[in-house]
Amino acid sequence: MPCRSDGCRRPEVYTDSNRTLQSGSELPGNADALDGRGRLHQHARRVSSDRLPVRNVRRANASDAAAIERFAPGLWPAAESSDLAVFVVDGSGAPLAAMRLRHAGERLEVERLAAPSTVVARRLVAFAERTARAMKIQELHLRPDATSSDGAAALGFRNGTRRVSGRWWHRVLDHLENAGVPLLRDGSASLDQTLYYRGIWAAIALLIGFGIIPLAVFSPGDVTLLHVVVPAIVCTAGTLFALWQIGLIVQAARRGSRGLVALTILAVAAFSVLAVGGLFYDRALPSLAELWAIYSGDEELGDLEIATSHDGTTLLVDGAYGVGSADLVRRALDSNPRIRRVVLAGPGGRIGPAFEINRMIRERKLATHVETGCASACTIAFLGGTERSISPTGRLGFHQGSFPGLGANDMFESNRDMRRFLVASGVTPAFAKRAIDTPSDEIWTPTPQELLAGKVVNRINR
């Protein structure tokens, strides 16, 4: 991945005496972390890198021997060997944990391990596991006397063996360790490199998390529980991941910067947290709540009233369209085959049921009429009539489509399709454009003359 300026340069973690061993190694991130001579050097040319991949883990040298002997007597090898090396985790000015690794043939073995806590020990074992993975060794071995049996179990060893996965995602995580930006914890990379990586990850997580909601909203078919649960999980996970990356950027700033730079990063991070939280509150929650309302039956929009005239030729449909509204209209039409006209009234509602009602009216070649007011989704049903009329006091109201939590960009395709539908229903393109250009929080109420000119209605009954 590209880096800006010199942000990809890793902090030095080897002593000068080790730099001459960087020509080849089987360890991820260092050309000769075990040894640069003999068999290991020849076998190690398969892997190339230039720095140790794990934060605060480095190869020990002779100057560390005395410190290691103080907390782990006998861990420092008595004699040099081309297959043996000691790695340490530094504390305040001196090593606080150490591990002795031996490579023999196709076997990598932890001979000794001493650490003040399980957390530190796991860091060393994780390093050994990455080493084995780079060497294409499938098992990491632990000598019986390397640590206690309880300690071995806590480190993931069973009967002295720990399986080493070579799956692609483990190699990706190893690469991130090499870059000094572990996925879920602070690393050793510089602030600009950390900001570069984690900023991109946070942006991608938010893009996926919030992008899945429109996919659920506009997916074909009925809304199921999966349409609610999957976007909720993905969006929540993406938001939390982004917030976590922001926190890790703050940690990197505290680790590598002081003064005004650190304060600036902290202020920007606080603003970013508020922005992400506001985005989740303003966009995700309303959309998910609306999807849940649709799935649970639209109790607030289920007030459609349906009646037939005394002579059985006219169907009166009044109210907002909910999930079950189309079924109500269908049953009424099936029960009254003499119906020839549908009188519509209402503020709108769900466009899905409105399109179904439109199709039923069109297939039965029924006329539509508005006596009072018909707005938003109600006009979709109205346009299904073969003959469309309004009374002198009747009004039709138009605006572009909307969905809670979704913006104009999210609704662009839907509103473009709505314009095409209007034109396909016989409405003039100019009228259709004006209707769809009206914001969703406004209503355009054309005059009777505009409705006639736009071919929305065929006549006005006086």
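Can you tell me how many residues in region 211-233 are out of contact with any Asp or Glu (no Cβ under 9 Å at 6 or more places or on another chain), in a helix (DSSP H, G or I) and surrounded by 19 or more Cβ atoms within 10 Å (Cβ to Cβ)?
5
Tally up the residues in region 248-277 that are under 17 Å from the mean Cα position of the chain (by Cα), small (Gly, Ala, Ser) and surrounded by 14 or more Cβ atoms within 10 Å (Cβ to Cβ), please.
1
Looking at region 148-180 only, could you name the residues that are closer than 30 Å to residue 198 by Cβ and without any contact (Cβ under 8 Å) to a residue 24 or more places away in the chain?
Hits for region 148-180 are 167, 168, 169, 172, 173, 175, 176.
Do any strands (runs of 3 or more DSSP E) lying entirely in region 63-118 carry at least 3 residues that are among the charged types (D, E, K, R), and which ones are they?
Filter on region 63-118 gives 107-114.
Taking the condition closer than 29 Å to residue 169 by Cα and modelled with pLDDT of 90 or more, does residue 75 pass?
The answer is no for residue 75.
Only one residue in 107, 122, 102 is surrounded by fewer than 23 Cβ atoms within 10 Å (Cβ to Cβ), touching a Ser or Thr at 6+ places or on another chain (Cβ under 9 Å) and among the basic types (Lys, Arg), so which one is that?
Of 107, 122, 102, the one residue that is surrounded by fewer than 23 Cβ atoms within 10 Å (Cβ to Cβ), touching a Ser or Thr at 6+ places or on another chain (Cβ under 9 Å) and among the basic types (Lys, Arg) is 102.
Would you please name the residue that is surrounded by the fewest Cβ atoms within 10 Å (Cβ to Cβ), looking only at residues in region 58-68 that are closer than 23 Å to residue 126 by Cα and of a type outside the set (A, V, I, L, M, F, W, C)?
In this case the residue turns out to be 61.
Anything in region 288-324 that is touching a Gly at 6+ places or on another chain (Cβ under 7 Å), within 15 Å of residue 344 (Cβ to Cβ) and not charged (D, E, K, R)? List them, or say none.
304, 319, 320, 321 - these are the residues of region 288-324 that are touching a Gly at 6+ places or on another chain (Cβ under 7 Å), within 15 Å of residue 344 (Cβ to Cβ) and not charged (D, E, K, R).
Residue-wise test of (1) without any contact (Cβ under 8 Å) to a residue 24 or more places away in the chain; (2) among the small types (Gly, Ala, Ser); (3) farther than 28 Å from residue 217 by Cα.
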position	(1), (2), (3)
416	yes, no, no
420	yes, no, no
424	yes, yes, no
430	no, yes, yes
435	no, yes, no
454	no, yes, yes
459	no, no, yes
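Collect the residues in region 279-296 that are exposed (fewer than 14 other Cβ atoms within 10 Å of the Cβ), farther than 14 Å from residue 209 by Cα and without any contact (Cβ under 8 Å) to a residue 12 or more places away in the chain, keeping them in residue-number order.
296
So which residues in region 145-158 are modelled with pLDDT under 90, surrounded by fewer than 20 Cβ atoms within 10 Å (Cβ to Cβ) and not small (Gly, Ala, Ser), if there are any at all?
Scanning region 145-158 gives 145, 150.
Give me the pairs, please: first residue somewhere in region 214-225 and at negative phi, second residue anywhere and in a loop (DSSP other than H, G, I, E, B) and surrounded by 12 or more Cβ atoms within 10 Å (Cβ to Cβ), beta-carbon distance under 6 Å, and either six or more positions apart or on two chains.
Pairs that qualify, where the first residue is at negative phi and the partner is in a loop (DSSP other than H, G, I, E, B) and surrounded by 12 or more Cβ atoms within 10 Å (Cβ to Cβ), are 214/410; 217/403.
Within region 252-268, is even one residue assigned to a helix (DSSP H, G or I), modelled with pLDDT under 95 and either closer than 27 Å to residue 409 by Cα or assigned by TED's automatic domain parsing to the domain that holds residue 357 (or both)?
yes
Only one residue in 299, 305 is closer than 21 Å to residue 329 by Cβ, out of contact with any strand residue (DSSP E or B) (no Cβ under 8 Å at 6 or more places or on another chain), modelled with pLDDT under 95 and surrounded by fewer than 17 Cβ atoms within 10 Å (Cβ to Cβ). Which one?
Result: 299 is the single residue among 299, 305 that is closer than 21 Å to residue 329 by Cβ, out of contact with any strand residue (DSSP E or B) (no Cβ under 8 Å at 6 or more places or on another chain), modelled with pLDDT under 95 and surrounded by fewer than 17 Cβ atoms within 10 Å (Cβ to Cβ).
The values are calculated or read from the model by the stated rules, or taken from the named source; none is laboratory data. Model, not experiment: these values are computed from the prediction. Because the Cβ atoms are built from the backbone with ideal geometry, glycine has one as well, and the counts that use them run over all protein chains shown.
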